[in-house]
Amino acid sequence: MKLRYQNQCADVVLGMAFGDEGKGKVVDYLAKNYDYVVRFNGGNNAGHSLKVGDFKTSVHALPSGVLHPHVFNVIGNGCVVNPNQLAEEIQKIGVQNLQRRVFVSHAAHVITPQHIEEDCKGGSKERIGTTGRGIGPTYAAKMNRTGLRMDDLLKGAGRDLFSSDVLDIVLPLITDTTEVLKRACDSGAKILLEGAQGCGLDIDHGTYPYVTSSNCSVAGALSGTGLSHKNIRHVIGVTKAYSTRVGEGPFPSEVFGEEAERLRAAGNEYGTTTGRPRRVGWLDAKQLREACEMNGVDQLVVTKLDVLSGLPHVEMKMGDESRRVYPCWRPFPQTTESYSDIPAEARDFIDGIEEVASVPVTHVSISPDRSGTLFRSMVLEEAA
Ligand code: IMP
């Protein structure tokens, strides 16, 4: 008997650290091969930057597949949604026919003005360094079973909290997205599940209490969509070539002073959502290895490699307090098209990442543009 519901229709993209790994860019790059891009956790605390040629934008609530005209974009049940912000983002992004390509889960919870007020006034904004977008209080209401869901809005409850202009945009998008995705999967569609934040901010597995309020790891991709683990094919981990963190909390590989200034400036490390300067540090090998292990990551994408070009040296922090120092490499053009054309020292660093993670690095990103993504696996296959 042929087992049903086992289509491996979905791949997952996850951040391996504290968010801001460049997942948006990676999802935008990969989306050409998928029919659906799905957000499964978080809300507009996320900020995913997208750049195609001269066109530059960032999305906060919308999935990062929006720039591909053939892609359906789903905000899953594991997300929390601020209708005001979603309506504004849909209007602002200026992509034609977007409204016909966005579905919002009826079971996603609504971020209300009261939740935002609570997040800003309750002290958590200072204590944890939250984004102040009402994320924590909305998830708390969900767990308390007192929350307002998109389905309630559809049925009339809570509509007084939002203007009719906003409701006109958002209400038609609400549907049972689990059904949409299951049907898509059954019919052979390809689905890309897009994580927000990163494993270090996972409510269960991150650096609690300095975390966000959702599961940013692979488990969230299931609970936040209703798909089965049998539907998952690849888990793609995204790591920056160095580390950043916004907000409070432990950051073992953090650097300070001039070294930090240089890294922050080179990487333009200021929050997409809040504009806050990000804390910066070297890549943390232990954190990366553990994130790969916990999530069953089977391929890695390393982003922002170009940022390390021209620095006096490059480091990687190992778990046992030791560090590996790599020789620097000369800056190379962001238009470089082939992995083998980047400096050998930079490729040695990527080999080092692959070794500590025990996961193949398939792509390396060398510029914010969609085109600045180099395929690497072929090089490995050729070498084998
Ligand atoms: P919240 O998600 O607004 O509750 O914030 C909780 C913690 O997660 C804070 O340290 C935030 O700075 C961090 N955080 C939330 N979203 C992101 C993100 O997209 N990138 C990086 N950090 C984030």
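So here's what we get for this one:
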item	result
Rounded, prolate or oblate (a/c below 1.5 giving rounded, otherwise prolate when a/b exceeds b/c) for the stretch 289-353 by Cα gyration tensor	oblate
In the stretch 106-140, the GluC sites (Glu not before Pro) that fall in loop regions by DSSP, at most 13 other Cβ within 10 Å	none
DSSP beta bridges in the chain [antiparallel fraction, %, rounded to 5]	35
Point-charge dipole on Cβ atoms (K/R +1, D/E -1) for the chain, about Cα centre, debye to 20	820
Longest exposed-site-free window of the chain, the sites being chymotrypsin sites (Phe, Trp or Tyr not before Pro) in a DSSP loop that have at most 16 other C-beta atoms within 10 Å	6-255
Label-point separation, Glu321 to Lys121 (7 Å along Cα→Cβ), nm	4.6
Extent along principal axes [Cα atoms of the chain; Å; largest to smallest]	62, 55, 43
Fewest-first ranking of Thr178, Thr130, using other Cβ atoms within 10 Å as the exposure measure	Thr178, Thr130
Residue with peak Gaussian network fluctuation, the chain [Cα springs, cutoff 10 Å], from Leu161, Leu288, Leu148	Leu161
Residue of Met150, Met318, Met16 that the Gaussian network model of the chain assigns the largest fluctuation, springs spanning Cα pairs under 10 Å	Met318
Assigned charges on the beta-carbon of Lys, Arg, Asp, Glu; the stretch 20-87 dipole about Cα centre (debye)	40
Euclidean distance of C-alpha centroids, the stretch 30-45 and the stretch 282-360, integer Å	25
Listed residues Phe103, Gly123, Ile169: farthest to the positive end of the dipole of the stretch 79-175 (Cβ charges)	Phe103
The chain, relative contact order in percent, only Cα pairs under 8 angstrom and at least six apart counted	21
Cα shape, the stretch 24-101, gyration tensor, a/c 1.5 rule	rounded
Computed helical MRE - 222 nm, the chain, DSSP H runs ≥ 4 contributing -39500 (n - 2.57), nearest 500	-8500 deg cm²/dmol
Check: the stretch 249-384 dipole with +1 on Lys, Arg Cβ and -1 on Asp, Glu Cβ, in debye	480
Dipole-positive endmost among Gly206, His48, Pro137 within the chain (Cβ charges, Cα centre)	Pro137
Max mean-square fluctuation residue, GNM over the chain, Cα-Cα springs under 10 Å, options Asp11, Asp306, Asp341	Asp341
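Coordinate-derived values only; no laboratory data. Note that this is a predicted model, so its numbers are computed, not measured. Glycine gets a Cβ as well: all are built from the backbone with ideal geometry, and neighbour counts include every protein chain shown.
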